[in-house]
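**Q** Take a look at the following structure, please.
The values are calculated or read from the model by the stated rules, or taken from the named source; none is laboratory data. Everything quoted here is computed from the prediction, not taken from an experiment. A quick note on method: Cβ atoms are made from the backbone with ideal geometry, for glycine too, and the neighbour counts reach across all protein chains shown. Areas reflect the complete protein model, heavy atoms only, side chains present, ligands, DNA and RNA absent. Shrake-Rupley method; radii C 1.70, N 1.55, O 1.52, S 1.80 Å.
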Amino acid sequence: MKALSLQKLMLGGNPLGNTEAIMLADILQSSTQQLTTLNLAYCSYIRSQGWQALFDSLKSPHCKLQVLHLSSNEIHLKDAEVSNLANALENNSVLKILGLNSNCKITASGWEAFVACLGNPGSALEEVDLGYNVIDPHGMDFFANSLRDNNKLRELILFPGCEASETPGFEPVYKYDSLADVLCNRTSISATFHSNHTLQRMFRSDIFESRREESLPNDVKSCLKLNRENTNFQSARRKIIQIHFSGFSMQHFAEMELKTLPHAIGWMAADGYGISLLFRFLRDNSSLFDCDGIAEATAPEQTHTNMQTYKWTSGSNLRLLNLLVPSLLMQIGTTLTPRATSRVHSALAK
């Protein structure tokens, strides 16, 4: 059979029924088709059987859909149908953009079933639009928990909801604690590092909706902004610095091996964002680099920086400097001028 070259099919607003939906589902499962974008918005004549056939086609290894728009199908697109969609997407690693906005007949139970696909490690979803739907304010926990291990989803549009569209000026009161914890878990450096650094938006990117983002809590808003403006690694690093290094507590360095410490300090100053932080760290912990003392003959050789247990000897300080200078300059050298780099080297070597 000759391959079908059609890649985009915009059928929104057409009076399609179950028969047409089932035929379309058969095409999506064909090994010869190349369809990547399908718009079925405002197709209110498709009923449960037709939606089931379409969603089953998403499980096929031959389905190449990357963009699927299903907005404004609230007459027959309800809890059972969205649950079937979630089930299909649990085995789909191709679809990147999904529009489910303006389907107000979907209730909390439907959304609870839907979030399972967001937690799918193999999911390719990058943008999901659920705006203008009825999502219980407490349902924020469902979505937040599904994002804990998701490193693909950049946009999860949840706002505004149906209530806002029906009552101008009304906004439901959402709980953001669980979402804030997913975006930046503050319990430890490791927890912060493994937080979600991918999610960037919960409002559409147009000017009007971007302004509404100002209504989000500051911690959520700042995390989304960090994720939006940085790579995942850069975002993780900045969150760690803000949360765990702002007070220069030595507890993070206390059990660190000597060979690891210079890399940790160099990592802290890897770009312009951390240079001033590095300066304050070195200033407030200058005893780490004090080589004027005489090494005590009876002092054991130290390999850890446990400041509460050991006294640093001049020998260990010198070894730290020898390890620190090349590592640190390698980390920050690209952000400093040659003259500034030389001055940093001289200052550290004194």
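**Q** Peptides 120-133, 185-198: what's the order by average Cβ count within 10 Å, highest mean first?
**A** Ranked from most to least packed, the peptides come out as 120-133, 185-198.
**Q** In whole Å, how far is the Cα centre of region 70-104 from that of region 115-167?
**A** If we compute the Cα centre of each part, the gap is 12 Å.
**Q** At 1.4 Å probe size, what's the solvent-accessible area of C184? Round to the nearest 10 Å².
**A** 10 Å²
**Q** Please say if region 45-152 is rounded, prolate or oblate, where rounded means a/c under 1.5 for a ≥ b ≥ c the square roots of the C-alpha gyration tensor eigenvalues, and otherwise the choice is prolate for a/b larger than b/c and oblate otherwise?
**A** Cα axes put region 45-152 in the oblate bin.
**Q** Over region 10-74, what is the mean sequence separation of C-alpha contacts under 8 Å (at least six apart), divided by residue count, expressed as relative contact order in percent?
**A** So the answer I get is 44 percent.
**Q** Explain nothing, just the number: relative contact order of region 174-223, from Cα pairs under 8 Å at least 6 residues apart, as a whole percent.
**A** Relative contact order for region 174-223 comes out at 36 percent.
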